[in-house]
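> Could you have a look at this structure, given as structure tokens, before my questions?
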Amino acid sequence: MKKVLVFLIVILFAADVSAAGDAWTRSGIKRVRPYPAPLFTLRAVPGAGNVSLMDFRGKVLVLNFWATWCLPCTMEIPSLEVLNRRFSADGLEVVLVNMAEKKETVLDFARKNNFNGLKILMDQSGAAGDSYGIAAIPATYIVDRGGMVVGGALGLRDWADPSSTEVFRELLKK
């Protein structure tokens, strides 16, 4: 019985050490088999003009689908701002894709909440969200420098926590 217990403890410890060694596992960000990021072109706010996903080639992109009425969405935006500030000089870009709201609503919300340094794109038709299979928000996709989706997360999270930032350090080295 003692041998079985010792064996189980060793197995559990080994599994825990293995998980502790992987930033993706610790962060809770799901790593996926890379696939081409669905392309889109959306209107940027504030300002005029369209922005294409192709405009971000060569950068690590954090693509966050959100809405102003979604409390978990708005709660995680400050951590996305921190992540953006921390790594923008290294080639990371955080892009907020608003899901089907009026431009004025989004602009007012962004002003009241002092969004700084984050690009906001308007997916008023929902086509970009559909191309990513968005069924719930917040939904975040991570796109590598080559335009491949390599991971993501669904729901509220702290994007600036140490395990998450380790994932981005790893991606930015490539």
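> Pull up segment 41-67, narrow it to residues that are surrounded by 17 or more Cβ atoms within 10 Å (Cβ to Cβ) and more than 17 Å from the chain's Cα centre (by Cα), then point me to the one that is modelled with the lowest pLDDT.
The extreme case among them is Val45.
> Would you point out the residue of segment 7-40, among those that are among the hydrophobic types (A, V, I, L, M, F, W, C) and modelled with pLDDT of 50 or more, that is nearest to the chain's Cα centre (by Cα)?
Among those residues, the one meeting the criterion is Ile29.
> Let me ask something additional. Residue check, Asp108 against (1) modelled with pLDDT of 95 or more; (2) more than 14 Å from the chain's Cα centre (by Cα), all met but one. Which one?
(1)
> From the set of residues in segment 68-81 that are of a type in the set (Val, Ile, Thr) and more than 29 Å from Gly146 (Cβ to Cβ), which is nearest to the chain's Cα centre (by Cα)?
The extreme case among them is Thr74.
> Residue by residue through segment 140-174, note down the ones that are crowded, with 20+ Cβ neighbours inside 10 Å and within 19 Å of Val51 (Cβ to Cβ).
Hits for segment 140-174 are Thr140, Tyr141, Ile142, Val143.
> Is it the case that some residue within segment 147-170 is without any contact (Cβ under 8 Å) to a residue 40 or more places away in the chain, assigned to a strand (DSSP E or B), over 22 Å from Thr41 (Cβ atoms) and of a type in the set (A, V, I, L, M, F, W, C)?
Yes, there is a match, as at least one residue in segment 147-170 is without any contact (Cβ under 8 Å) to a residue 40 or more places away in the chain, assigned to a strand (DSSP E or B), over 22 Å from Thr41 (Cβ atoms) and of a type in the set (A, V, I, L, M, F, W, C).
> Residue under question is Val60, and the condition is that it be touching a residue at least 24 places away in the same chain (Cβ under 8 Å) and in contact with a Gly (Cβ under 8 Å, 6 or more places away or on another chain); does it hold? Walk me through how you get there before you give the answer.
Details: touching a residue at least 24 places away in the same chain (Cβ under 8 Å): yes; in contact with a Gly (Cβ under 8 Å, 6 or more places away or on another chain): yes.
So Val60 fits the description; yes.
> For the structure I just gave you, tell me whether Asp130 is without any contact (Cβ under 8 Å) to a residue 24 or more places away in the chain and either surrounded by 15 or more Cβ atoms within 10 Å (Cβ to Cβ) or not in a loop (DSSP other than H, G, I, E, B) (or both).
Spelling it out, Asp130 is indeed without any contact (Cβ under 8 Å) to a residue 24 or more places away in the chain and either surrounded by 15 or more Cβ atoms within 10 Å (Cβ to Cβ) or not in a loop (DSSP other than H, G, I, E, B) (or both).
> Could you check, for segment 82-104, whether at least one of its residues is closer than 16 Å to Gly28 by Cβ and either in contact (Cβ under 8 Å) with a residue 12 or more places away in the chain or more than 13 Å from the chain's Cα centre (by Cα) (or both)?
Yes - at least one qualifying residue is present in segment 82-104.
> Can you name every residue in segment 90-118 that is within 20 Å of Pro38 (Cα to Cα) and surrounded by 18 or more Cβ atoms within 10 Å (Cβ to Cβ)?
Leu92, Glu93, Val94, Val95, Leu96, Val97, Asn98, Met99
> Whether any residue in segment 162-171 is out of contact with any strand residue (DSSP E or B) (no Cβ under 7 Å at 6 or more places or on another chain) and under 21 Å from Pro38 (Cα atoms) is what I want to check.
Within segment 162-171 (the criterion being out of contact with any strand residue (DSSP E or B) (no Cβ under 7 Å at 6 or more places or on another chain) and under 21 Å from Pro38 (Cα atoms)), the answer is no, since none of the residues qualifies.
> Restrict the check to segment 154-173 and report whether at least one residue is within 12 Å of the chain's Cα centre (by Cα), on the phi < 0 side of the Ramachandran plot and of a type in the set (Val, Ile, Thr). Outline the logic, then answer.
Residues of segment 154-173 within 12 Å of the chain's Cα centre (by Cα): 154-160, 164-165, 167-168.
Filter once more, so that each one left must be on the phi < 0 side of the Ramachandran plot: 154, 156-160, 164-165, 167-168.
Keeping just the survivors that are of a type in the set (Val, Ile, Thr) gives 165, 167.
Scanning segment 154-173 turns up at least one residue that is within 12 Å of the chain's Cα centre (by Cα), on the phi < 0 side of the Ramachandran plot and of a type in the set (Val, Ile, Thr).
The values are calculated or read from the model by the stated rules, or taken from the named source; none is laboratory data. Every value quoted in this text rests on a predicted model; they were computed, and no experiment measured them. Note that each Cβ is placed from the backbone with ideal geometry, even for glycine, and that neighbours are counted across all protein chains shown.
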